[in-house]
1. Using just the helices of the protein assembly as shown, give the 222 nm mean residue ellipticity in deg cm²/dmol: DSSP H runs with n ≥ 4 each add -39,500 (n - 2.57), and the total is spread over all residues, rounded to 500.
2. What's the exposure ranking of A:His73, A:His7, going from fewest to most Cβ atoms within 10 Å?
3. Amide H neighbours of A:Asn126 under 5 Å, counting only residues 5+ apart in sequence or on other chains, H built in-plane at 1.01 Å?
4. Which distances in nm, rounded to one decimal and ordered from shortest, link the label point of B:Glu40 to the equivalent label points in the other identical copies, with labels set 7 Å from Cα toward Cβ?
5. Ranked from highest to lowest mean number of other Cβ atoms within 10 Å per residue, what is the order of the peptides A:21-33, B:15-27, A:76-88?
6. Principal axis extents for the stretch A:51-137, Cα atoms only, whole Å, descending order, please.
7. Using a cut-off of 20 Å between alpha-carbon atoms, which aspartates and glutamates can reach A:Lys37, once sequence neighbours fewer than 8 places away in the same chain are excluded?
8. Per 10 Å bin from zero, what fraction in whole % of the C-alpha pairs of the stretch A:3-45 is there, up to the bin with the longest pair?
Number of protein chains: 2
Amino acid sequence: MQGTDAHLGWGEHARRRIASCALFELYAVERTSARGKTGEFWVLDAPDWVNVVPVTTTADGEPALIMVRQFRHGAELITTEFPAGLVEPGEDPAAAAARELEEETGCRAGRLTPLNTVLPNPAFMNNRSYTFLAEDLTRIGGTKLDELEALEPRIVPVAEIERNLGTGEYVNALTVLGFLWYRSRGAAPR
Amino acid sequence: MQGTDAHLGWGEHARRRIASCALFELYAVERTSARGKTGEFWVLDAPDWVNVVPVTTTADGEPALIMVRQFRHGAELITTEFPAGLVEPGEDPAAAAARELEEETGCRAGRLTPLNTVLPNPAFMNNRSYTFLAEDLTRIGGTKLDELEALEPRIVPVAEIERNLGTGEYVNALTVLGFLWYRSRGAAPR
């Protein structure tokens, strides 16, 4: 934290674990502000995430992206999202992106380029979400899903995503962000 | 859920509350898939959120947006984000947006227009995030913060946000999404 920002800072003096599951650990932390206010804040300690924007074409040669349809247990509905998942301990985010792409779509990317890195929810989560552009795709097999995953990959024309963005099944924030970034800014210079 | 999607569905048969705080309640739910797999999933039951993109100009007449700087307890760092907050029980999202704008920046909007609605994290959260464009701003007073809030509003030139998006303090996913949407798609037709 920069010196000039000390007045916005908070110091931590206690932390206890409330709960733990595969996706995150929940902690209650006690912190005191530079202005002397003390409070308890709940934070999720979560692994980093990856999202992949896999570039392809339809059978008619239209620009398209590969997305996955699945039931989402939080929102209790079926969404269409980019392939995504957790970065495993010690795993490089690019390796995690390649692995998730392969597991969820059966495709391998000849080229994987960072699009952006964001914090999904800095207010109460401590993790990052990395988004990669995946190009030069080769189909190498079928999906390889975890025991409790049930999803279907689908080639979606870019025009169809553009038209439906923010509606129906195209409402996952990180998918919408990834698509807007891909359309309006593209990959960082290589 | 549409009939053709029954094979992607999951049925819930048990739910227990693990923990509860001001931001969310954490539940463990037991669900069985159409293919007969049973698992326990953790979900956060959270109030809806609002984000506000407040349009203004710098003293030099440059296009600018009002953002807020604050320490974020999840990420443990200072971020620059759009004014945002929770929708209160029974509150209209537009009213919540107007209220948060006023509390965090001291400004009232002459016009508030929906930009988009997304699901912050459908994998394990059930809430929505509404983003509004706020125009025709009038300063009506100072900030009105909760006891444990410490933040500073700041007028940031659009060009500066554009240049720094996805880096440094400009990394909150919903802020990045809101900015990209504002720049590339604007408000829905009125």
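1. -5000 deg cm²/dmol, from helical runs alone.
2. Values: A:His73 22, A:His7 11.
Fewest-to-most ranking of A:His73, A:His7: A:His7, A:His73.
3. A:Leu44, A:Ala46
4. Going from nearest to farthest copy, the values are 2.3 nm.
5. Details: A:21-33: 16.8, B:15-27: 14.7, A:76-88: 20.5.
Averaged packing, sorted descending, gives the order A:76-88, A:21-33, B:15-27.
6. Here the Cα extents, ordered largest to smallest, are 45, 31, 20 Å.
7. Counting by Cα, and skipping residues close in sequence, A:Lys37 has these aspartates and glutamates nearby: A:Asp5, A:Glu12, B:Glu76, B:Glu103, B:Glu104, B:Asp146, B:Glu147, B:Glu149, B:Glu152.
8. The percentages, shortest bin first, are 29, 41, 23, 7.
Every number here is computed from the coordinates shown, using simple stated rules; none is lab data. Everything quoted here is computed from the prediction, not taken from an experiment. Heads up, the Cβs are rebuilt from the backbone with ideal geometry, glycines too, and the neighbour counts pull from every protein chain shown.
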